[in-house]
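*Asks:* Let me begin by handing over the structure; questions about it come next.
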Amino acid sequence: MTVTVRDFRTEDAGAVVGLRRACTPFMVTTKEALLAGVATAHPAKKYRLLVAEEDGEIIGTAHVGIAYDSSDPGQASVTPQVHPERRGRGAGSLILRTAEEHLAAEGATSVYAWVLDEPPARAFAERHGYRPTRPAHFQRLDLARCTLPELPPLPAGVELRTGADYAGDPRPLFAADAEAGSDEPGDISVTLDDYGDWLNHTWNDPCLDRALTSVVVVDGRIASFTAAHTDRHTRYASGMTGTVREFRGRGLAKIAKIHSLRRARAAGYTDAFTSNDADNGPMLAINRWFGYEICATEVRHVRALG
Ligand SMILES: CC(C)(COP(=O)(O)OP(=O)(O)OC[C@H]1O[C@@H](n2cnc3c(N)ncnc32)[C@H](O)[C@@H]1OP(=O)(O)O)[C@@H](O)C(=O)NCCC(=O)NCCS
């Protein structure tokens, strides 16, 4: 049968989410989040959600776009995913070619992709001209059975809030996210300065569980936070944990995570996931302390276009 690649249609959402869950079970994805991502994509992203089809069945997919929020022009990304039982039929290569042609036409000069740290995936990337840059680790915590630390007594002036407490004005969370995010290790530098875009893709992300998001406030100012993403059933993922510079090294990120994870378990979540750049010493140390274990490693790859 012939594999073809086309743009996503709304009615594909269920199949695409099922496929993404099969390919990366350590990521939290929902239909609502997928549709919202498509509906609110920033025009400068030149975003396309591609699907590969064979015999009417969706067997592969990829988010494709320009890193419009990076200070370095010409950066772009595509991560083709093909269903584990439908590999070796040309879907990944066709998705990649379609994506690269689109990105090159939109001015991209470098394309980044996440590649599972497994021989077939790495060989595929190499064959298509991609070279490895840096690894990141996915980690899982058995939330149903692990022993979670108790919340320590809070120092004077420190209080705990939730994301829901900022529903009226999330701007202070945007500021904290922008500061912490700019220090996160990675290969595409991101500048978070577009509040409207942050509302679309972070604050109004349907996966964001504002009630389970925890915020540590010191003397009325946000010092640290952890953003909880959930599938609203059993799976919880850390969207972002950040501490503003002046408050780092005081145990506040740990407090935010203890507060969020304890409430997530009480709400019935059984699996917690997170992903960190392999160079993110502090965040990996925190997650190890909670008992998270590495469940998969992906290696970022890059290819120059043109
Ligand atoms: C990662 C981050 C959230 C930590 O916040 P924090 O409030 O300073 O964290 P805590 O004080 O609760 O804990 C830090 C732990 O990391 C350890 N640590 C600090 N630097 C470290 C390093 N280079 N290597 C290993 N461990 C390190 C500390 O010793 C401490 O552990 P301990 O309490 O057992 O001693 C903060 O550095 C940050 O905002 N970084 C930028 C954003 C980011 O990368 N976020 C994670 C992305 S998912």
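*Asks:* Going by what's in this entry, would Asp279 be described as over 30 Å from Ala39 (Cβ atoms), surrounded by fewer than 17 Cβ atoms within 10 Å (Cβ to Cβ) and in contact with a Gly (Cβ under 7 Å, 6 or more places away or on another chain)?
*Replies:* On the way: over 30 Å from Ala39 (Cβ atoms): yes; surrounded by fewer than 17 Cβ atoms within 10 Å (Cβ to Cβ): yes; in contact with a Gly (Cβ under 7 Å, 6 or more places away or on another chain): no.
For Asp279, the condition - over 30 Å from Ala39 (Cβ atoms), surrounded by fewer than 17 Cβ atoms within 10 Å (Cβ to Cβ) and in contact with a Gly (Cβ under 7 Å, 6 or more places away or on another chain) - is not met.
*Asks:* OK, next. Can you give me the number of residues within the stretch 108-129 that are part of a loop (DSSP other than H, G, I, E, B) and touching a residue at least 40 places away in the same chain (Cβ under 8 Å)?
*Replies:* The total comes to 5.
*Asks:* May I pose another question? (1) within 30 Å of Thr270 (Cα to Cα); (2) open to solvent by 20 Å² or more (accessible area, probe 1.4 Å); (3) small (Gly, Ala, Ser): which one isn't true of Ala62, the others all being true?
*Replies:* (2)
*Asks:* Further question: Test of understanding: among Gly306, Gly251, which residue is at pLDDT below 95 and either farther than 30 Å from Gly74 by Cβ or not assigned by TED's automatic domain parsing to the domain that holds Ser77 (or both)? Write out each step before concluding.
*Replies:* Working: Gly251 fails: at pLDDT below 95.
Unique residue meeting the criteria: Gly306.
*Asks:* Which condition breaks for Cys295 when tested against (1) away from the ligand (no atom under 13 Å from the Cβ); (2) assigned to a helix (DSSP H, G or I)?
*Replies:* (2)
*Asks:* Go through the stretch 240-274 and report how many residues are on the phi < 0 side of the Ramachandran plot, open to solvent by 40 Å² or more (accessible area, probe 1.4 Å) and either of a type outside the set (Lys, Arg) or more than 6 Å from the ligand (Cβ to nearest atom) (or both).
*Replies:* Residues in the stretch 240-274 being on the phi < 0 side of the Ramachandran plot, open to solvent by 40 Å² or more (accessible area, probe 1.4 Å) and either of a type outside the set (Lys, Arg) or more than 6 Å from the ligand (Cβ to nearest atom) (or both): 8 in total.
*Asks:* Another question about this same structure. Got a sec? Which of Glu101, Glu54, Glu126 is more than 25 Å from Asn276 (Cα to Cα) and surrounded by fewer than 16 Cβ atoms within 10 Å (Cβ to Cβ)?
*Replies:* Glu101
*Asks:* Looking at (1) modelled with pLDDT under 95; (2) open to solvent by less than 40 Å² (accessible area, probe 1.4 Å); (3) not β-branched (Val, Ile, Thr), find the lone condition where Ala227 falls short.
*Replies:* (1)
*Asks:* How about the stretch 142-175: which of its residues are in contact with a Gly (Cβ under 6 Å, 6 or more places away or on another chain) and within 15 Å of the ligand (Cβ to nearest atom)?
*Replies:* Scanning the stretch 142-175 gives no hits.
*Asks:* Sort out which residues of the stretch 34-77 are farther than 13 Å from His201 by Cα, under 18 Å from the mean Cα position of the chain (by Cα) and of a type in the set (S, T, N, Q), and write them in order of number.
*Replies:* Thr61, Ser70, Gln75, Ser77
The values are calculated or read from the model by the stated rules, or taken from the named source; none is laboratory data. Everything numeric in this text was worked out from a predicted model, so none of it was measured. Cβ coordinates were reconstructed from backbone atoms using ideal geometry, including for glycine residues, and neighbour counts include every protein chain displayed. When the accessible area is computed, the model is the full protein with side chains, heavy atoms only, and any ligands, DNA or RNA have been set aside. Shrake-Rupley method; radii C 1.70, N 1.55, O 1.52, S 1.80 Å.
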